[in-house]
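So the structure is just underneath, and the comments pick up after that.
The values are calculated or read from the model by the stated rules, or taken from the named source; none is laboratory data. As the structure is a prediction and not an experimental result, all values here were calculated from the model. For neighbour counting, all protein chains shown are included, and Cβ atoms are generated from backbone atoms with ideal geometry for every residue, glycine included.
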Ligand SMILES: C[S@@+](CC[C@H](N)C(=O)[O-])C[C@H]1O[C@@H](n2cnc3c(N)ncnc32)[C@H](O)[C@@H]1O
C-alpha cells in the first residue's frame, strides 16, 4: 500500500478535505478549469482519461451543463468525489485501459481530457498512449492535455509527492514542447490553443485538433 493510500485510510471522512488542501498546493482548479472549458465544443461527449477521484470534473461540469462525460481509469476506485448534482452526467469505467474502453465503447468522443496523467505514463509508453487516445476521438474532436512542466519548486515537490506519497516510481514531467512534438508526431492533430495563462505555471494545458477544425 502506498503512503498516500495509508494516509487516506487514516483520514477517513476528512479524506476529501485533505486531498483538496494537497491539490491547492499545486493548482488553482477553479481558475484552470475556467480556461480549459473554453476549448470544449458545445454539447460535447467528453472522455476523461485517468479521471481519478473526479474532483476537478465537478468544476468542469458545473461550468458546462451541456457536457456529458465518460471517465475511465486503470484504478478500481474512481469518481468517489463527484458531487450528486453532476454525478448523473458521468459514466464511470474503473479498471479500464484505453484499449479496453475502445473495445467496449460504441461511441467516439467530441473531446478527450487527459489531465495530470501524461507524467504517470512511462516515457517509453507515451506514444502508444497518445495513439490509443486518438483512436477514441471523432475526426473533428479536440484533445486537451493538462500537465505540469518540469523545473522549479512546485514541480519538484509534485514529483516527490507522486513518487513517495502516491507511490508512482515512473513519474516524469515533460516540457510542453515535448508534448506538442509527441501529439503532432502521432497523427494529424495539431496544436490549436495554449489554454492556461502564466499565473498557472508550472501547470500548462494544450488543445489539439484535426486540420479542418484548427484555429486560424
Ligand atoms: C494524478 S491522477 C489525475 C486525476 C485527474 N485526472 C485529475 O486531474 O485530478 C492520474 C490518474 O491517471 C490514471 N492513469 C495513469 N495511467 C493511465 C492509463 N494508461 N490509462 C488510464 N488511466 C491512467 C491513474 O490511475 C490516476 O487515477
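The table below lists the values:
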quantity: Residue identified as surrounded by fewer than 17 Cβ atoms within 10 Å (Cβ to Cβ), modelled with pLDDT under 95 and assigned to a loop (DSSP other than H, G, I, E, B) among 169, 163; calculated: 169
quantity: Close pairs (6 angstrom Cβ cut-off, 6 or more residues apart or separate chains): more than 8 Å from residue 73 (Cβ to Cβ) and free of Cβ contacts under 8 Å to residues at least 40 places away in the same chain in the range 46-58, more than 8 Å from the ligand (Cβ to nearest atom) and outside any loop (DSSP other than H, G, I, E, B) anywhere; calculated: 58/86
quantity: Residue among 139, 150 that alone is surrounded by fewer than 22 Cβ atoms within 10 Å (Cβ to Cβ), part of a strand (DSSP E or B) and either in contact (Cβ under 8 Å) with a residue 12 or more places away in the chain or within 10 Å of the ligand (Cβ to nearest atom) (or both); calculated: 139
quantity: Boolean, residue 84 is within 25 Å of residue 15 (Cα to Cα), in contact with a helix residue (DSSP H, G or I) (Cβ under 7 Å, 6 or more places away or on another chain) and at pLDDT 95 or above; calculated: no
quantity: Close pairs (7 angstrom Cβ cut-off, 6 or more residues apart or separate chains): at pLDDT below 95 in the range 179-200, assigned to a loop (DSSP other than H, G, I, E, B) anywhere; calculated: 188/210
quantity: Residue list for the range 103-118, filter: more than 12 Å from the ligand (Cβ to nearest atom) and not in a loop (DSSP other than H, G, I, E, B); calculated: 103, 104, 109, 110, 111
quantity: Positions within the range 119-134 being over 19 Å from residue 167 (Cα atoms), in contact (Cβ under 8 Å) with a residue 12 or more places away in the chain and within 13 Å of the ligand (Cβ to nearest atom), in sequence order; calculated: 126, 127, 129, 130, 131, 132, 133
quantity: Search result, residues across the range 80-100 that are near the ligand (Cβ under 10 Å from one of its atoms) and crowded, with 18+ Cβ neighbours inside 10 Å; calculated: 93, 96, 98
quantity: Identity of the residue in the range 62-78, under 22 Å from residue 133 (Cβ atoms) and near the ligand (Cβ under 10 Å from one of its atoms), that ends up surrounded by the fewest Cβ atoms within 10 Å (Cβ to Cβ); calculated: 76
quantity: Residue check for residue 41: under 19 Å from residue 205 (Cα atoms), in contact (Cβ under 8 Å) with a residue 40 or more places away in the chain and either surrounded by fewer than 20 Cβ atoms within 10 Å (Cβ to Cβ) or more than 13 Å from the ligand (Cβ to nearest atom) (or both); calculated: yes
quantity: Yes/no for residue 52 being on the phi > 0 side of the Ramachandran plot and in contact with a helix residue (DSSP H, G or I) (Cβ under 9 Å, 6 or more places away or on another chain); calculated: no
quantity: Test: residue in the range 45-61 that is crowded, with 17+ Cβ neighbours inside 10 Å, more than 10 Å from the ligand (Cβ to nearest atom) and assigned to a loop (DSSP other than H, G, I, E, B); calculated: no
quantity: For residue 180: the one exception among (1) assigned to a helix (DSSP H, G or I); (2) more than 17 Å from the chain's Cα centre (by Cα); calculated: (2)
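Residues checked against (1) touching a strand residue (DSSP E or B) at 6+ places or on another chain (Cβ under 6 Å); (2) farther than 18 Å from residue 207 by Cβ:
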site: 5; (1), (2): no, yes
site: 9; (1), (2): no, yes
site: 20; (1), (2): no, yes
site: 33; (1), (2): no, no
site: 37; (1), (2): no, no
site: 54; (1), (2): no, yes
site: 94; (1), (2): no, yes
site: 98; (1), (2): no, yes
site: 101; (1), (2): yes, yes
